[in-house]
Amino acid sequence: MATTRKVIIIGSGPAGYTAAIYAARANLAPLMISGLQAGGQLMLTTLVENVPGFVDGVMGPELMETMRKQAERFGTDMIAEDVTAVDFSQRPFVVRVGETRYEAETVIVATGASSTLLGLPGERELLGRGVSTCATCDGFFFKDQNIMVVGGGDSALEEALFLARLGRKVEVVHRRDALRASKILQDRAFKNPKISFVWDSVIEAIADPTVGKVTAVQLRNVKTGERSERPVDGLFVAIGHQPNTALFKGQLELLPNEYVKVAPGTTQTSVRGVFAAGDVADFTWRQAVTAAGTGCMAALEAERYLEATQRG
């Protein structure tokens with residue numbers, strides 16, 4: 001018979017680790033199934049300067065390791081495996097890792113979201129070294145430099161407008177000759193003297209992984225086939241995020257964009273006793289501190305849920 005845990009946390013990163021810290025300090029003895037690639041998107045970053053408490057900044061992987069150790073210190077059990085199936089239709093809830101079955105009175109989903117990348121050689125190696133998926137996270141490092149943004153939707157223009165405050169110039173590369181972004185954002189971007197557009201074009205290569213930083217990109221015009229190279233210091237990819245929710249389809253109510261739906265102002269999902277924290281439910285802010293905040297909320301809500309059901 002499987003031992004029923006009070007709390008199982010699926011996923012890690014700032015949301016998962018914070019939930020684990022709070023749940024462990026409440027004597028709920030949480031089990032975290034962190035995934036084979038634990039730590040979330042901060043594992044792909046270098047220096048993080050916008051997390052409170054680090055005057056000189058902190059490396060993303062170092063921050064995640066510190067949070068992991070803090071969660072373990074208070075008694076969180078951790079399994080570095082991927083969850084393969086869940087069943088939230090029965091109680092206790094069932095979480096499976098391969099052939100192993102775990103049961104829980106509450107579950108906190110903190111599986112995050114993955115940035116959609118261009119899929120070019122060297123792109124992942126240059127993440128945090130000139131390639132970024134978050135202007136508010138990394139824009140500061142490109143003050144008075146040449147910046148390029150890839151995309152044509154609201155996210156791309158929001159990134160471009162933010163980066164225009166910092167960089168020398170911002171070029172927006174879009175594969176079509178018209179943007180998908182809302183008109184108000186288009187108007188703002190077209191009026192901004194620092195922002196220009198490269199239409200009907202795609203990036204074919206990023207230089208230079210061999211020197212460990214972005215120095216230029218190779219472009220191809222999709223209509224004419226003409227190729228060109230442009231010097232650039234920072235490349236921001238804004239072509240979307242994909243929430244890691246495939247595991248929960250049919251188990252939890254998802255929004256049309258496939259993020260987990262939570263009750264406003266809470267982390268409560270469509271199933272009582274199952275909570276969602278961090279980027280798996282947040283398609284607006286996507287910051288480490290907001291993820292940590294909802295991780296705290298999820299643990300506190302799980303604790304209150306357990307108290308209420310025990311009283312009942």
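The values are calculated or read from the model by the stated rules, or taken from the named source; none is laboratory data. Owing to the predicted nature of the structure, the values given are computational and were not obtained by experimental measurement. Here Cβ is always computed from backbone atoms with ideal geometry, including for glycine, and neighbour counts include all displayed protein chains. Protein only, heavy atoms only, side chains kept; ligands, DNA and RNA dropped before computing areas. Shrake-Rupley method; radii C 1.70, N 1.55, O 1.52, S 1.80 Å.
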**Q.** Projected label distance in nm at Leu255 and Arg230, using a 7 Å step from Cα toward the beta-carbon
**A.** 3.1 nm
Q: Provide the per-residue ³J(HN,Hα) series for the range 257-264, in order, calculated from phi with Karplus coefficients 6.51, -1.76, 1.60 and θ = phi - 60°, each as a whole number of Hz, with x at glycine and proline positions.
A: 8, 6, 6, 5, 7, 10, 5, x
Q) Sequence-distant or interchain residues sharing an amide H contact under 5 Å with Gly240, placed H: which? A) Thr116
**Q.** Separation between Cα centres of the range 156-175 and the range 179-249, rounded to whole Å
**A.** 9 Å
Q) With every protein chain present, what is the per residue accessible area of the range 1-54 (1.4 Å probe, Å²)? A) 44 Å²
Q.
Which cysteines in the chain lack any other cysteine whose Cβ sits under 4.7 Å from their own Cβ?
A. Cys296
Q) Counting other Cβ atoms within 10 Å of each Cβ, which GluC sites (Glu not before Pro) in the range 195-233 have at most 15 and sit in a DSSP loop? A) Glu226
Q. How big is the gap, in Å, between the Cα center of the range 38-100 and the Cα center of the range 251-312?
A. 16 Å
Q | Stokes-Einstein translational diffusion, the range 170-219 - Kirkwood Rh over all Cα pairs, 1.002 mPa s, 20 °C, in µm²/s | A | 172 µm²/s
Q | Computed FRET value (nearest 0.05) for Thr136 with Arg311, which takes r as the C-beta separation and R₀ as 51 Å | A | 0.75
(Q) Can you list residues from other chains, or at least 5 along the same chain, whose modelled amide H is less than 5 Å from the amide H of Ala207? (A) Thr215, Ala216, Val217, Gln218
Q) What do you get for Rg/Rh of the range 130-176 when both radii come from the Cα atoms and Rh is the Kirkwood radius? A) 0.92
Q | Chain lengthening between Ala85 and Asp56 when straightened (0.36 nm per residue, less Cα-Cα) | A | 6.3 nm
Q | Dipole of the chain, positive direction: furthest Cα of Thr4, Ile206, Val289, with charges on the beta-carbon | A | Val289
**Q.** For the range 55-205, the spread of Cα positions along each principal axis, largest first, Å
**A.** 57, 39, 31
Q. Viscosity 1.002 mPa s, temperature 20 °C: Stokes-Einstein D of the range 27-117 from its Kirkwood Cα radius, in µm² per second?
A. 143 µm²/s
Q.
For the range 156-267, what does the accessible surface come to per residue with a 1.4 Å probe? Please give it in Å².
A. 54 Å²
Q.
Given a 1.4 angstrom probe, I'd like the percentage of the accessible area of the chain that is carbon and sulfur, rounded to a whole number.
A. 51 percent
Q) Considering the alpha-carbon set of the chain alone, what are its Rg and its Dmax in angstrom? A) 21.2, 70
Q) For Lys213 and Glu49 in one chain, what is 0.36 nm times their gap in residues minus the Cα-Cα distance, to one decimal in nm? A) 57.1 nm
Q. So what are the ³J(HN,Hα) numbers for the range 297-311, from phi and the Karplus equation (6.51, -1.76, 1.60; θ = phi - 60°), rounded to whole Hz, Gly and Pro as x?
A. 4, 4, 5, 5, 5, 4, 4, 5, 4, 4, 4, 5, 6, 5, 5
